[in-house]
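Asks: The structure's right below; bear with me while I get my questions together.
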Amino acid sequence: MRSADERPRAQGGDGPGARPLASAGVGGFVERHGLWDERQHVAAGQVRRVIDELGLDKVRFSFADQHGVLRGKTLTREAVPGALRSGVTAPSSLLLKDTSGRTVFPVFSGGGLADGRFAGAGDIVLVPDMTTFRVLPWAERTGWILCDLYHPDGTPAAFCSRGLLRGRLAALADAGYDLTVGVELEFHVYRPFTDGSVPVAPGRPGAPGPAPEVAPLTSGSQLLHEEGLDRLDDLVDLLYRGLTGLDLPLRSLELEFGPSQLELTLDARDAAQAADDALLARAAVRQICRRNGYHATFMSRPATAETASSGWHLHQSLRSRATGEAAFDPTPGPAPGSASGSVSGSAPGEPLSPVGRHFLAGLLEHAPAATVFTTPTVNGYKRYLPMSLAPDRVVWGIDNKGAMVRVVGARGEGGARLENRSGEPAANPYLYIASQVVSGMDGMARRLDPGPPTIDPYDTGARGLPGSLDQALNALDADPVFAKALGQDVVSWFTTIKRAEFARYLAHVSDWEQREYFDLV
């Protein structure tokens, strides 16, 4: 977050009747449970000053649910000090819903979920992370802040995905490493036939209405075509101003291969910060587009995406906490298996250090189970197609864009990194990255070897990625490493939600079935 002195004042100034924001004070939920450190308290003072100087009227207190979708409340200026003291309450059942908004667990009949903490749909508390405060460039006099989730007794909420990632990163730090993550998100932007509002059909909760009818903005098949992107310059400028206005580390906006398909890339950052960046970037793109007459979606394979699905390529590398050096870079010294028996060095021509090879091997070993987190929607599995620049096999390659994991060697100032190309852009950023930490750490702990790189990433003899969400859920159930790292209750919580979602999918009569059978039999 920029300091108050650094933050631009174009967003409203001191509005008519603006009053200084009261101090956050002491004695509330946050102080009572010691939930802020000194850095948070300093940031809180800066936030109060920014709200006063810019005359903000509203602040959105938001958190990422299990699907990586932002939920929360918009508070008035007068309510902000109380929220900084004691947080903001919300129904705990928000953490128990599938993508339709249906609560999957029987909260009103008790149950043992997280020792009964979710019984009765009681409250959870949203505690603001003051370092994440932003001023929204597209909403008048409005701030935006991410929150962590707690139970009313001050303990971390059992299924807060942001907290789950931080727990895995703390374990990685204890092992001597920090994770750096770079984000590439592909998405589609269309022009709705209607006024841009999402049609709403009457019905019970759990029965979403029809999707908007849309038209593509580009015809596709012209990857990185400059004139094609120039035709979208108004949209590109809207996105550029919105994303950079949020202080997100936007690196590029690119024209992708599919009709109406774009990609944004963000500079590599600390993994926890990169997850926040991805979450905010997706929400920003959708909100900016909707306000300007477009419809943006991070769904992997919309019905109009016949030629190219959207993926989320996650770049990852480790740094030694002791030396600050890139831990994946090839290291000099005796190669594994040498006469000395040392494993401290890399073999000649090897693109990774031994640590990098072990981490890579962990990603491959646990790829089927991790797919629940990298590709958590029914739709995402329609992307796993051969010869498509999307992976369908559990293989790695050196700078090979057909492989599930692409190894990019160290060059210039950039260290060696692993690019997992299996994820979909709708994945929860915190759970996606956490799955990589869990997998990679197991590979390091067991000193796994990834074997040789592939030269044929679509070799039908190689182990395949799960073909459906159901297959991925079965793989997660059969792989104990995630239950050990995240907790069996976390794995059971997430798989229960996703199995309910998959069951609804199977029960739905599709357009294909109607066309195929209705008039024939």
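Asks: In region 478-490, what count of residues is obtained for those that are surrounded by fewer than 17 Cβ atoms within 10 Å (Cβ to Cβ) and in contact (Cβ under 8 Å) with a residue 60 or more places away in the chain?
Replies: 2
Asks: Going through Arg141, Arg117, Arg162, Arg168 one at a time, which residue ends up being on the phi > 0 side of the Ramachandran plot, among the basic types (Lys, Arg) and in contact with a helix residue (DSSP H, G or I) (Cβ under 9 Å, 6 or more places away or on another chain)? Explain how you work it out, then say what you get.
Replies: On the way: Arg117 fails: on the phi > 0 side of the Ramachandran plot; Arg162 fails: on the phi > 0 side of the Ramachandran plot; Arg168 fails: on the phi > 0 side of the Ramachandran plot.
Just a single option satisfies the conditions, and that option is Arg141.
Asks: Turning to a different aspect of this structure: Pairs please, first residue from region 403-427 and assigned to a strand (DSSP E or B) and at pLDDT 95 or above, second anywhere and of a type in the set (Ser, Thr, Tyr) and open to solvent by 10 Å² or more (accessible area, probe 1.4 Å), Cβ atoms under 9 Å, 6+ apart in sequence or on different chains.
Replies: Sorted first by the residue in region 403-427, then by its partner, the pairs are Arg417/Thr180; Arg417/Ser317; Leu418/Ser317; Ser422/Tyr384.
Asks: Moving on to the next point. Looking only at region 367-385, filter to residues that are of a type outside the set (A, V, I, L, M) and over 19 Å from Pro457 (Cβ atoms); which one of those is surrounded by the fewest Cβ atoms within 10 Å (Cβ to Cβ)? Break it down stepwise before answering.
Replies: Taking region 367-385 and keeping what is of a type outside the set (A, V, I, L, M), we get 368, 371, 373-377, 379-384.
Among the residues that remain, those that are also over 19 Å from Pro457 (Cβ atoms) are: 373, 376-377, 379.
Working: Phe373: 26, Pro376: 26, Thr377: 21, Asn379: 18.
The selected residue is Asn379.
Asks: Filter region 147-190 down to residues that are closer than 25 Å to Ala426 by Cα and among the polar types (S, T, N, Q), then give me how many there are.
Replies: Number satisfying all stated conditions: 2.
Asks: So which residues in region 69-99 are more than 19 Å from the chain's Cα centre (by Cα) and hydroxyl-bearing (Ser, Thr, Tyr), if there are any at all? Outline the logic, then answer.
Replies: Of region 69-99, the ones more than 19 Å from the chain's Cα centre (by Cα) are 73-93.
Passing the criteria: Thr74, Thr76, Ser86, Thr89, Ser92, Ser93.
Asks: Another one. Does Asp123 fit the bill of being surrounded by fewer than 17 Cβ atoms within 10 Å (Cβ to Cβ) and closer than 28 Å to Leu56 by Cβ?
Replies: Values: surrounded by fewer than 17 Cβ atoms within 10 Å (Cβ to Cβ): yes; closer than 28 Å to Leu56 by Cβ: yes.
Here the answer is yes, as Asp123 does meet what is asked.
Asks: Show the residue pairs that are 6+ apart or on different chains and have beta-carbon atoms under 8 Å apart, the first residue being within region 491-507 and touching a residue at least 24 places away in the same chain (Cβ under 8 Å) and under 18 Å from Asn428 (Cα atoms), the second being open to solvent by less than 50 Å² (accessible area, probe 1.4 Å) and of a type in the set (Lys, Arg).
Replies: Hits for this filter: Ile497/Lys97.
Asks: Taking region 309-323 only, how many residues are open to solvent by less than 40 Å² (accessible area, probe 1.4 Å) and farther than 28 Å from Glu186 by Cα? If you could, list the steps in order and put the result at the bottom.
Replies: Our first condition is that a residue be open to solvent by less than 40 Å² (accessible area, probe 1.4 Å); within region 309-323, this holds for 309-318, 320.
Narrowing further to those that are farther than 28 Å from Glu186 by Cα: 320.
So the count comes out to 1.
Asks: If I filter region 412-435 for residues that are more than 23 Å from the chain's Cα centre (by Cα), among the hydroxyl-bearing types (Ser, Thr, Tyr) and closer than 24 Å to Arg301 by Cα, do I get at least one hit?
Replies: No; the residues of region 412-435 include none that is more than 23 Å from the chain's Cα centre (by Cα), among the hydroxyl-bearing types (Ser, Thr, Tyr) and closer than 24 Å to Arg301 by Cα.
Asks: With respect to Arg102, is the statement that it is under 22 Å from Tyr505 (Cβ atoms) and out of contact with any strand residue (DSSP E or B) (no Cβ under 6 Å at 6 or more places or on another chain) true? Break it down into steps so the answer makes sense when it comes.
Replies: Working: under 22 Å from Tyr505 (Cβ atoms): yes; out of contact with any strand residue (DSSP E or B) (no Cβ under 6 Å at 6 or more places or on another chain): yes.
The answer is yes for Arg102.
Asks: Taking region 28-62, which residues are touching a helix residue (DSSP H, G or I) at 6+ places or on another chain (Cβ under 7 Å) and of a type in the set (Gly, Ala, Ser)?
Replies: Passing the criteria: Gly28, Ala43, Ala44.
Asks: Of all residues in region 82-114 being touching a helix residue (DSSP H, G or I) at 6+ places or on another chain (Cβ under 8 Å) and among the β-branched types (Val, Ile, Thr), which is least open to solvent (accessible area, probe 1.4 Å)?
Replies: My answer is Val107.
Asks: Moving on. Does Phe328 satisfy being on the phi < 0 side of the Ramachandran plot, at pLDDT 95 or above, not basic (Lys, Arg) and not in a loop (DSSP other than H, G, I, E, B)? If you could, list the steps in order and put the result at the bottom.
Replies: Numbers: on the phi < 0 side of the Ramachandran plot: yes; at pLDDT 95 or above: yes; not basic (Lys, Arg): yes; not in a loop (DSSP other than H, G, I, E, B): no.
It is false that Phe328 is on the phi < 0 side of the Ramachandran plot, at pLDDT 95 or above, not basic (Lys, Arg) and not in a loop (DSSP other than H, G, I, E, B).
Asks: OK, next. What do you reckon, is Thr131 β-branched (Val, Ile, Thr) and either open to solvent by 50 Å² or more (accessible area, probe 1.4 Å) or part of a strand (DSSP E or B) (or both)?
Replies: Numbers: β-branched (Val, Ile, Thr): yes; either open to solvent by 50 Å² or more (accessible area, probe 1.4 Å) or part of a strand (DSSP E or B) (or both): no.
For Thr131, the condition - β-branched (Val, Ile, Thr) and either open to solvent by 50 Å² or more (accessible area, probe 1.4 Å) or part of a strand (DSSP E or B) (or both) - is not met.
Yes/no matrix, rows are residues, columns are (1) aromatic (Phe, Trp, Tyr); (2) at pLDDT 70 or above; (3) under 29 Å from Ala275 (Cβ atoms):
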residue: Gly167; (1), (2), (3): no, yes, yes
residue: Glu184; (1), (2), (3): no, yes, yes
residue: Gly203; (1), (2), (3): no, no, no
residue: Glu213; (1), (2), (3): no, yes, no
residue: Thr218; (1), (2), (3): no, yes, no
residue: Leu232; (1), (2), (3): no, yes, yes
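Asks: So which residues in region 1-55 are modelled with pLDDT under 55, open to solvent by 40 Å² or more (accessible area, probe 1.4 Å) and touching a strand residue (DSSP E or B) at 6+ places or on another chain (Cβ under 8 Å)?
Replies: Across region 1-55, the qualifying residues are Met1, Gln11.
Asks: Looking only at region 377-396, count every residue that is assigned to a loop (DSSP other than H, G, I, E, B) and over 22 Å from Leu506 (Cα atoms) and tell me the total.
Replies: So the answer is 9.
Asks: Inside region 152-174, can you point out the residues that are in a loop (DSSP other than H, G, I, E, B) and either surrounded by 18 or more Cβ atoms within 10 Å (Cβ to Cβ) or in contact with a Cys (Cβ under 6 Å, 6 or more places away or on another chain) (or both)? Walk me through it before giving the result.
Replies: Here is the first cut: in region 152-174, the residues in a loop (DSSP other than H, G, I, E, B) are 152-155, 157-160.
Correct list: Ala157, Ala158, Phe159, Cys160.
Asks: Still on this structure, please answer the following. Taking region 133-156 only, how many residues are over 14 Å from Ile51 (Cα atoms) and within 19 Å of the chain's Cα centre (by Cα)?
Replies: 4
Asks: Does at least one position in region 229-249 carry a residue that is part of a strand (DSSP E or B) and open to solvent by less than 20 Å² (accessible area, probe 1.4 Å)? Reasoning before the result, please.
Replies: The first filter runs over region 229-249 and keeps only residues part of a strand (DSSP E or B), leaving none.
Checked against the condition, which is being part of a strand (DSSP E or B) and open to solvent by less than 20 Å² (accessible area, probe 1.4 Å), region 229-249 yields no hits at all.
Asks: Right, something else. Taking region 65-81 as the region of interest, how many residues are under 16 Å from Tyr150 (Cβ atoms) and open to solvent by 10 Å² or more (accessible area, probe 1.4 Å)?
Replies: 3
Asks: Let me ask something else. Checking Gly196 against (1) at pLDDT 90 or above; (2) more than 20 Å from the chain's Cα centre (by Cα), only one condition comes out false. Which one?
Replies: For Gly196, the exception is condition (1).
The values are calculated or read from the model by the stated rules, or taken from the named source; none is laboratory data. These numbers were taken from a predicted model, which means no experiment stands behind them. Every residue, glycine among them, receives a Cβ derived from its backbone with ideal geometry; neighbour counts consider all protein chains shown. Heads up: the accessible areas ignore ligands, DNA and RNA and are worked out on the full protein's heavy atoms, side chains in. Shrake-Rupley method; radii C 1.70, N 1.55, O 1.52, S 1.80 Å.
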